[in-house]
Amino acid sequence: MQQVAKIEARSEYQRFQEFLSSLNEKEKKVVSQTIHLGLIILPLLLILPVWFSNWSLKRSIEEKKELVKTYEQYIKSKENLEVSGQNIYAAGRIDTEQEAQVKIKSYAQRFSIDTNKVAVVNYQPGLASDNLKETRMQVKFQGLALVEFSDFLGSLMNLEKFKISNIRIERDQTSLLLQGHIGLNHFARGL
């Protein structure tokens, strides 16, 4: 109430009261309605820019959250691809037929297989890019026991990440040893 008394004591308020008393009833009604509308509209006009600014900031934050979410999905997919790539891609490349022969014969030696029983008979360099090198080859084998063949083929697939594209196996009826061809694809990373 003290604040109201202070406002009423001010000269501006006194002049406004004098102005109102000089008006007729119709004019007083118009001034009163204008003041009431002003008291309603003025706060709305002050709140509207703040609301619009908040709405705009909220939209911007939502867009940035969506961008962060997309980036996190990209990073997760990239990590999953790298982990999957370790199961698909070999550590080293095979660039020549001689390298292919050496690699195949070294895996044969690991399982005490005579290196004359396995040989690369058809070497084809496949697709190559900055990040990936494909090599295709046919490996001819003969005189292998089933255990030797399965160990040899298993090591090529598990350790060197060779993929089998085709296989033809025959069994010699007299010696019961295996012979045939294996089509292999090799994928390696890097240059």
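Quick rundown of the values:
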| item | result |
| --- | --- |
| Top-ranked residue of segment 110-132 - restricted to ones that are assigned to a helix (DSSP H, G or I) and either touching a strand residue (DSSP E or B) at 6+ places or on another chain (Cβ under 7 Å) or touching a residue at least 40 places away in the same chain (Cβ under 8 Å) (or both), ranked as farthest from His186 (Cα to Cα) | Lys117 |
| Residue that is farthest from the chain's Cα centre (by Cα) [pool: residues in segment 1-14 that are surrounded by 10 or more Cβ atoms within 10 Å (Cβ to Cβ) and either under 20 Å from Glu27 (Cβ atoms) or in contact (Cβ under 8 Å) with a residue 40 or more places away in the chain (or both)] | Gln14 |
| Answer residue from segment 138-153, given it is part of a strand (DSSP E or B) and over 42 Å from the mean Cα position of the chain (by Cα) and is nearest to Gln124 (Cα to Cα) among those | Phe141 |
| Identity of the residue in segment 167-185, aliphatic (A, V, I, L, M) and surrounded by 11 or more Cβ atoms within 10 Å (Cβ to Cβ), that ends up nearest to the chain's Cα centre (by Cα) | Leu184 |
| Checklist (1) touching a Leu at 6+ places or on another chain (Cβ under 9 Å); (2) farther than 29 Å from Glu82 by Cβ; (3) surrounded by 16 or more Cβ atoms within 10 Å (Cβ to Cβ) applied to Ala188, failing item | (2) |
| Failed item, numbered, when Tyr107 is tested on (1) modelled with pLDDT of 90 or more; (2) touching an Asp or Glu at 6+ places or on another chain (Cβ under 8 Å); (3) assigned to a helix (DSSP H, G or I) | (1) |
| Segment 113-130, residues that are in contact with a helix residue (DSSP H, G or I) (Cβ under 8 Å, 6 or more places away or on another chain) and under 23 Å from Leu146 (Cβ atoms) | Ile113, Asp114, Thr115, Lys117, Val118, Ala119, Val120 |
| Counted residues, segment 132-148 - those being under 24 Å from Thr174 (Cβ atoms) and either in contact with a Pro (Cβ under 9 Å, 6 or more places away or on another chain) or among the aromatic types (Phe, Trp, Tyr) (or both) | 1 |
| Conditions (1) out of contact with any helix residue (DSSP H, G or I) (no Cβ under 8 Å at 6 or more places or on another chain); (2) in contact (Cβ under 8 Å) with a residue 24 or more places away in the chain: number failed by Glu160 | (1) |
| Single unsatisfied condition, Leu23 versus (1) assigned to a helix (DSSP H, G or I); (2) surrounded by 10 or more Cβ atoms within 10 Å (Cβ to Cβ); (3) hydrophobic (A, V, I, L, M, F, W, C) | (1) |
| Test: Arg59 is outside any helix (DSSP H, G or I) and surrounded by 10 or more Cβ atoms within 10 Å (Cβ to Cβ) | no |
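To keep it simple, each residue is scored yes or no on (1) more than 17 Å from Ile182 (Cα to Cα); (2) among the hydrophobic types (A, V, I, L, M, F, W, C).
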site	(1), (2)
Gln98	yes, no
Ile113	no, yes
Val118	no, yes
Gln124	no, no
Val139	no, yes
Leu144	no, yes
Glu148	no, no
Leu153	no, yes
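The values are calculated or read from the model by the stated rules, or taken from the named source; none is laboratory data. Small disclaimer: the values here were computed from a predicted structure and weren't measured. Heads up, the Cβs are rebuilt from the backbone with ideal geometry, glycines too, and the neighbour counts pull from every protein chain shown.
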